[in-house]
Amino acid sequence: MTESNINTHTINKKYINSIDGLRALAVLSVMVFHLNPVYLPGGFTGVDIFFVISGYVVAKSLSSRASSTFSDFIKNFYKRRLVRIYPALLACLIFTSLVVIFFIPRFYMSKSIDETGLAAFFGFSNVVLALDTESYFSLSTDFNPFVHTWSLGVEEQFYFIFPVLFYFWLGNKFKYSIQILFVISICLSYLYLDNNVNKAYYLVTSRFWELAAGVMLYQYHHSKSNSVKMTDRLRGLTLTGGLFITVLGLILSDKNQFPLPWAILPVVGTCLLLHGLVATSNHKPLVEKCFSISVLRHFGKLSYSLYLWHWPIFTFFRWTIGLQTYPEYVFATILTYLFAAASYYFLETKFPKINIVSSLSSSKVLKIALPSISVLALGIFLGYKGQPILSFSETANRDVWSPYIDFSTPQPDMSLSGRTLFVIGDSHAGAYSKMLEKLSQETGLAIIRYGKGGCGITNMRKPVLIKENPCLDRLNGWLEEIKQTTGPNDIIFFATLKLKRSVLQSSIMPGDLNDSLRELEMPQTKLAMQNAFDESEKVIKELSQNTKLMIIDAPMPVFNYIAFRCADWYTANNPICGAGYTERRELMERLRAQSLNNIKKLKRKLNFLTIWDPMPLLCSEETCSLYRNKKPIYFDSDHLSGFGNEFLYEDFKNKLFKVIK
């Protein structure tokens, strides 16, 4: 059998064509996963394939410059990175940011978009995402067009330290520094899984080992350049085994256990593939022939730009017409290819060859790059700040759409001066902000609000003062503070969502309110509601030791429609809007019957409790509508809008004064 030798010439030759085919496998896997994860459940591991390739190829590139001085070695490396990577990245970030500024609504689901986008200019979007409460696989990330830049952040942070270590390694110093950091990174990755899944997924500290694996493979090839030999049979087996392991990762990887242990499959598989691909022989193995197919290599050459552009385009489809059908998949993929091809041709290939760019010294490139990037980021930052003025979206009218407002200090010597309204609940406590601020300004009533999503005391659906609830400590703290500070003339307002919502802000398709009806008949639901009733009674009794002035809101309608995602002409045909913005009053009454009965039961047992029920205002005898006079009552499916606050204000104010009198 013919032997294939991995030698110095092979390792250091300028280009290994078949690696482009491997890049294509990586990027196409990621794209398929992002179109629909059902088709390739582990397709997200294409990023891990990229990490290994990047570590190997960059190490190979740097080794040919070992004769440089340390200063030139480092500066030339960063010049190449900046000229090669940043033009396409900046074009994508600027274009995407402008689309966000002019067209994307700003609500809870989209609040982290600008932070992620701005951090991406400087290679730190992964840190922003690691500190967020939403994971990479949460539905809400499907609507953030900058989420994919996390992997670029990991690479850029890796390359802050790697060139320095590698330079000394080439000079036979710090020979095991990469290996030591490899082990430390694996340990951190394992530890993060128990403490913070987002840190495990996004941070370079838990991903360093993947890029380092590619580097160490190159170091092995470099050190064995004259003695590593493989027979054709062994080379074929190496490539086949590497492909098999990599494909296993693409199919089987569990997103809930990542990066460890499942990232081991794509990392090991890619290392084996690279090990086989850099070898030479008289007869190409089948795997190498496949990776050398011209069409596959074409997509591999475009892989960076395909990765850059596919996610923003997919995201904008989800915001507008949707991304659920095969025609939408095809249209989105074609657009991605066109943007990527233009990016590759003009920015990756042509831009570095422009005379004025290629003639710049490394020092000048570095001096120009950071200020230029900072100026561009500043411009985008100002654009985000000016979004309420610049946006074409109907939701830019914050007075109509947003219920959120900061509370100001109430005026003295007014009808309710000296009294405080304590508002406690979940996110709906916050959605009453505009109404409560107006009340404070008109009456002198001080407002103190305690609210957070998922922390809804007296929600009548399920108990929350249980050890399984992450809100438990927060709730106990709120209740203790209210006990310590309320007086007999103060008022407590319990404000929570009391019906199960059938659709989330980030949902792709409408739900079914009839499912909620059926769930109400389940024994476990009835038990949970009874426990919630008992808990609510206990809490209200305890708080009544200080004041008997208490209001609880009755269950209000929930809709199968996300208002802010359907408000514009370019979003109105999104699948999430398909159920419409009206519901039958009879259905709403059935949905809320048990919760309302429990609240009335509380009222009979604790006669000082006052029920505020806005349902007659929100619904006609036949229909509940999310809109009134062409203005939204809710900004999503169940939270009051700014207009909704104004619409209910007088009714709530009258109820409050009745409580006081």
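Residues in the stretch 64-89 that are over 30 Å from residue 342 (Cα atoms), among the charged types (D, E, K, R) and in contact (Cβ under 8 Å) with a residue 40 or more places away in the chain: 72 only.
Against the list (1) hydrophobic (A, V, I, L, M, F, W, C); (2) at pLDDT 95 or above; (3) open to solvent by less than 30 Å² (accessible area, probe 1.4 Å), the condition residue 647 fails is (3).
Residue 639 falls short on exactly one of the conditions (1) touching a residue at least 12 places away in the same chain (Cβ under 8 Å); (2) open to solvent by 20 Å² or more (accessible area, probe 1.4 Å); (3) not charged (D, E, K, R), and that condition is (2).
Cβ separations smaller than 6 Å between residues 6+ apart or across chains give the following pairs from the stretch 342-362 residues that are touching a residue at least 40 places away in the same chain (Cβ under 8 Å) to residues that are surrounded by 12 or more Cβ atoms within 10 Å (Cβ to Cβ) and not in a helix (DSSP H, G or I): 344/302.
Candidates 331, 314: the one that is outside any loop (DSSP other than H, G, I, E, B), closer than 27 Å to residue 147 by Cβ and open to solvent by less than 10 Å² (accessible area, probe 1.4 Å) is 314.
Residues in the stretch 40-54 that are among the polar types (S, T, N, Q) and open to solvent by 10 Å² or more (accessible area, probe 1.4 Å): 54 only. Report whether or not residue 111 is farther than 30 Å from residue 392 by Cβ, at pLDDT below 95, of a type outside the set (Gly, Ala, Ser) and open to solvent by 60 Å² or more (accessible area, probe 1.4 Å). Judged against the criteria, residue 111 is not a match. Screening 440, 506 for residues that are in a loop (DSSP other than H, G, I, E, B), touching a Phe, Trp or Tyr at 6+ places or on another chain (Cβ under 7 Å), on the phi < 0 side of the Ramachandran plot and touching a residue at least 12 places away in the same chain (Cβ under 8 Å) leaves exactly one candidate, 506. Residues in the stretch 373-387 that are open to solvent by 50 Å² or more (accessible area, probe 1.4 Å) and without any contact (Cβ under 8 Å) to a residue 40 or more places away in the chain were compared, and the one that is farthest from the chain's Cα centre (by Cα) is 375. Residues in the stretch 32-57 that are in a helix (DSSP H, G or I), farther than 13 Å from residue 304 by Cβ and of a type in the set (A, V, I, L, M): 32, 35, 49, 52.
Which members of the stretch 415-456 meet the condition of being under 16 Å from residue 653 (Cα atoms) and open to solvent by 60 Å² or more (accessible area, probe 1.4 Å)? Scanning the stretch 415-456 gives 415, 438, 441, 442. Any idea which residue in the stretch 610-636 is surrounded by the most Cβ atoms within 10 Å (Cβ to Cβ), counting only those that are within 28 Å of residue 536 (Cα to Cα) and among the charged types (D, E, K, R)? Applying the filter and picking the extreme gives 636. Scanning the stretch 278-334 for residues that are of a type in the set (Gly, Ala, Ser) and in contact with a Ser or Thr (Cβ under 7 Å, 6 or more places away or on another chain), we see that the one that is nearest to residue 241 (Cα to Cα) is 279.
Determine whether residue 57 is at pLDDT 90 or above, surrounded by fewer than 20 Cβ atoms within 10 Å (Cβ to Cβ) and of a type in the set (A, V, I, L, M, F, W, C).
Considered against the rule, which asks whether it is at pLDDT 90 or above, surrounded by fewer than 20 Cβ atoms within 10 Å (Cβ to Cβ) and of a type in the set (A, V, I, L, M, F, W, C), residue 57 comes out as yes.
Exactly one residue out of 233, 207, 297 is buried (at least 23 other Cβ atoms within 10 Å of the Cβ), out of contact with any strand residue (DSSP E or B) (no Cβ under 7 Å at 6 or more places or on another chain) and not small (Gly, Ala, Ser), and it is 207. When residues in the stretch 590-616 are screened for being without any contact (Cβ under 8 Å) to a residue 40 or more places away in the chain and in contact with a strand residue (DSSP E or B) (Cβ under 9 Å, 6 or more places away or on another chain), 2 of them pass. The set of residues from the stretch 334-361 being open to solvent by less than 70 Å² (accessible area, probe 1.4 Å), more than 30 Å from residue 574 (Cβ to Cβ) and not hydrophobic (A, V, I, L, M, F, W, C) comprises 344, 348, 349, 352, 358, 361. The combined condition, being assigned to a helix (DSSP H, G or I), under 33 Å from the mean Cα position of the chain (by Cα) and farther than 30 Å from residue 319 by Cβ, is fulfilled by residue 211.
Residues in the stretch 236-274 that are under 23 Å from residue 189 (Cα atoms), open to solvent by 30 Å² or more (accessible area, probe 1.4 Å) and polar (S, T, N, Q): 2 in all. Residue-level analysis places residue 623 among those that are under 19 Å from residue 510 (Cβ atoms) and over 34 Å from the mean Cα position of the chain (by Cα).
Do the conditions hold for residue 65, that is, is it surrounded by fewer than 21 Cβ atoms within 10 Å (Cβ to Cβ), part of a loop (DSSP other than H, G, I, E, B) and modelled with pLDDT under 90? In short, yes. When residue 500 is tested against (1) in contact with a strand residue (DSSP E or B) (Cβ under 8 Å, 6 or more places away or on another chain); (2) at negative phi, only condition (1) is not met. Are any residues in the stretch 128-155 farther than 29 Å from residue 566 by Cβ and at pLDDT below 95, and if so, which ones? Passing the criteria: 130, 131. For the stretch 144-201, the tally of residues that are touching a residue at least 40 places away in the same chain (Cβ under 8 Å), buried (at least 18 other Cβ atoms within 10 Å of the Cβ) and of a type in the set (Gly, Ala, Ser) stands at 4.
Among the conditions (1) open to solvent by 10 Å² or more (accessible area, probe 1.4 Å); (2) under 30 Å from residue 459 (Cβ atoms); (3) among the polar types (S, T, N, Q); (4) part of a helix (DSSP H, G or I), residue 395 misses just one, which is (1).
I'm trying to understand the selection: among the residues of the stretch 468-487, which are farther than 16 Å from residue 541 by Cβ, touching a residue at least 40 places away in the same chain (Cβ under 8 Å) and surrounded by fewer than 14 Cβ atoms within 10 Å (Cβ to Cβ)? Of everything in the stretch 468-487, those that are farther than 16 Å from residue 541 by Cβ, touching a residue at least 40 places away in the same chain (Cβ under 8 Å) and surrounded by fewer than 14 Cβ atoms within 10 Å (Cβ to Cβ) turn out to be 485, 487.
The values are calculated or read from the model by the stated rules, or taken from the named source; none is laboratory data. Fair warning: this is a prediction, and the values are worked out from it, not measured in the lab. Ideal geometry is used to build each Cβ from the backbone, glycine not excepted, and the neighbour counts take in all protein chains shown. For accessibility, only protein heavy atoms count, side chains too; no ligands or nucleic acids. Shrake-Rupley method; radii C 1.70, N 1.55, O 1.52, S 1.80 Å.
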